[in-house]
Amino acid sequence: MNITISDIKKKMNPFRIIVCGFAGVILVGALLLMLPVSSASGEATPFIDSLFTSTTSVCVTGLVVRDTGTYWSVFGQFIILILIQIGGLGVVTVAVFLALLSKRKIGLYQRNIIQEAVAAPHIGGIVKLTNFILKSTFVIELLGALLLLTVFGKEFGPGKGIWMSVFHSISAFCNAGLDLMGTYEPYGSLTRYIDHPFINLVIISLIIIGGIGFLTWDDICVHKFSFKRYRMQSKVILCTTALLIVFPAVFFFFFEFGDMPMRQRILSSLFQAVTPRTAGFNTADLTAMSEAGQLVTIFLMMIGGSPGSTAGGMKTTTFAVLVGCAVAVFRRRDSVQFFGRRICEDVILTVATLLFIYTSLPVTGAVIISMVEGLPMMACLFETVSAMATVGLSLGITPGLSLVSKIILIILMFFGRVGGLTIIYAAAGGRTHMGRLPQDKITVG
């Protein structure tokens, strides 16, 4: 039986290639992190902890079972940073980057894979868009590192200051949330800089820039401040992002951080509104927040960033369409509408599916972890949503979890970064074609 390249391409559809690509990078990263040279103590790291760290890096999540700044050596931290960069850009985008460096031609099959990977609306101009993504990423990360160096250079010295600046700039832009501040306080994240305006604003800016999506930045670069000329999707993303920053910041300001000095209160409120979508850094003690504050944070984590970005979650556009569906029902419209455009019915079906996936999986995982570990349901739900939405915020229970719970979080992180629908499409294969069935009604609500 002869198997042709065409047969292989049919079996390895773009979704399967994306899934296998992420899985392969995670496995290689885990094996490298197991090496004695990767740990500061010079001892080999257990496979489950290496796998967890590799997954949280590639999936740009930020949940950790070992403190990044103290447990891992410089070599281990370098491997983690490379994994973050690959995960933030996407395995396919990095592969295209290497192909472009080697002057290889990008064929139609490869362009189709890139389109699925970066969530581009059209296959035309996809290589040009990939070039824009790569150049923009490196320029923004370099600028972020230079800005952070003005503070970290003085605090840590030239050598370590450069390393700290580069690591945190890439981690922030890729919405990873991994940090090297454990030398001050293990698992302390950026709490040391809670009232440092410059560090707060630089990290917040990197998170937002990385989280609104490359297609949106392409619109901004091409059309500048002419908002009317933007794609409808870009308009929805920018408006939704602004609202999801302003309203939560106001909530945190009045109901969570009232006992802080004014400057610290403003910075903490703004940072806490931005970081759940889906950066994972924190400047305030999350365990000290009320359950209402933790629930709002869970809600923000589920939404996440925007399509075609370094962020995870079910995406701002999904949330916007859900709100649009409610508005359409309330106003008795026959379609969801944004900026004079009607949203397709297949998008509504996809949004409903995403909502089901991003609620059912984290809740199921939280129930299992709560039963296995004997921990409160709220704390477990916080960790599972953080994993699924690739956020990385934690109430501090992850390092002490058992093997079963760690595996659950690994699976959720993988689902969240690769995409639940991508995994389902990869497993299901091609589209099923069938005739339209007779229409009927079912009562809901």
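Taking amide hydrogens as placed 1.01 Å from N in the peptide plane, the amide H of residue 338 sits under 5 Å from those of 343, each at least 5 positions away in sequence or on another chain.
Placing +1 on each Lys and Arg Cβ and -1 on each Asp and Glu Cβ, with no other charges, gives region 277-407 a dipole about its Cα centre of roughly 540 debye. Among the listed pairs 128/315; 154/224; 135/315; 128/160; 128/228; 160/406, those with a Cα-Cα distance over 27 Å are 154/224; 128/160; 160/406.
Considering only 308, 347, 414, the residue lying farthest towards the positive end of the dipole of region 298-445 is 347, judged by Cα position with unit charges set on Cβ.
Counting only other residues whose beta carbon sits under 10 Å from that of residue 398, what net charge do I get with K and R as +1, D and E as -1? Surrounding charge for residue 398 is 0. For residue 72, the residues whose amide H sits under 5 Å from its own are 40, ignoring neighbours fewer than 5 places away on the same chain, with H placed 1.01 Å from N. Taking 0.36 nm per residue of separation and subtracting the current Cα-Cα distance, fully stretching the chain between residue 160 and residue 131 would add 7.3 nm. Entry note, region 149-257: relative contact order of 17 percent, from Cα contacts under 8 Å with a spacing of 6+ residues. Counting Lys and Arg as +1 and Asp and Glu as -1 over every other residue whose Cβ lies under 15 Å from the Cβ of residue 230, the net charge comes to +4. Among the chymotrypsin sites (Phe, Trp or Tyr not before Pro) in region 190-285, those located in a DSSP loop and surrounded by at most 15 other Cβ atoms within 10 Å of their own Cβ are 225. Under the simplified labelling scheme, the residue 106-residue 360 pair shows an inter-label distance of 3.6 nm, with each label point 7 Å from Cα along Cα→Cβ. Charge dipole (Cα centre; +1 on Lys/Arg Cβ, -1 on Asp/Glu Cβ; no other charges) of the chain amounts to roughly 2040 debye. Computed from the C-beta positions of residue 138 and residue 228 and an R0 of 45 Å, the FRET efficiency is 0.90 to the nearest 0.05. Under 5 Å between amide hydrogens, built in the peptide plane, is the criterion, and for residue 309 it picks out 214 among residues at least 5 positions away or on other chains. The stretch between residue 339 and residue 98 holds 82.9 nm of extra length on full extension. This uses 0.36 nm per residue minus the Cα-Cα distance. For region 59-68, putting each phi into the Karplus relation 6.51 cos²θ - 1.76 cosθ + 1.60 with θ = phi - 60° gives couplings of 7, 6, 9, x, 5, 9, 9, 10, 4, 5 Hz, in residue order, rounded to whole numbers and with x for Gly and Pro. In this simple spin-label approximation, residue 436 and residue 201 carry label points 7 Å from Cα along the Cα→Cβ vector, and these lie 5.6 nm apart. The accessible surface of region 140-221, taken with every protein chain in place and a 1.4 Å probe, is 73 percent carbon and sulfur.
Rolling a 1.4 Å probe across the protein heavy atoms gives the chain an accessible surface of 48 Å² per residue.
Label sites at residue 221 and residue 287, each approximated as a point 7 angstrom past Cα along Cα to Cβ, lie 4.4 nm apart. 3J(HN,Hα) along region 296-305: 4, 5, 4, 4, 5, 5, 4, 5, x, x Hz, from the Karplus curve 6.51 cos²θ - 1.76 cosθ + 1.60 with θ = phi - 60°, whole Hz, x for Gly and Pro.
Sparsely packed loop sites in region 136-240 (the trypsin sites (Lys or Arg not before Pro) outside DSSP H, G, I, E and B with at most 11 other Cβ atoms within 10 Å) comprise 224.
The values are calculated or read from the model by the stated rules, or taken from the named source; none is laboratory data. Computed from a prediction, not measured in an experiment: that's the story for all the values here. Positions of Cβ are backbone-derived with ideal geometry, glycine not excepted, and every protein chain shown enters the neighbour counts. Surface areas here come from the heavy atoms of the whole protein model, side chains and all, with no ligands, DNA or RNA. Shrake-Rupley method; radii C 1.70, N 1.55, O 1.52, S 1.80 Å.
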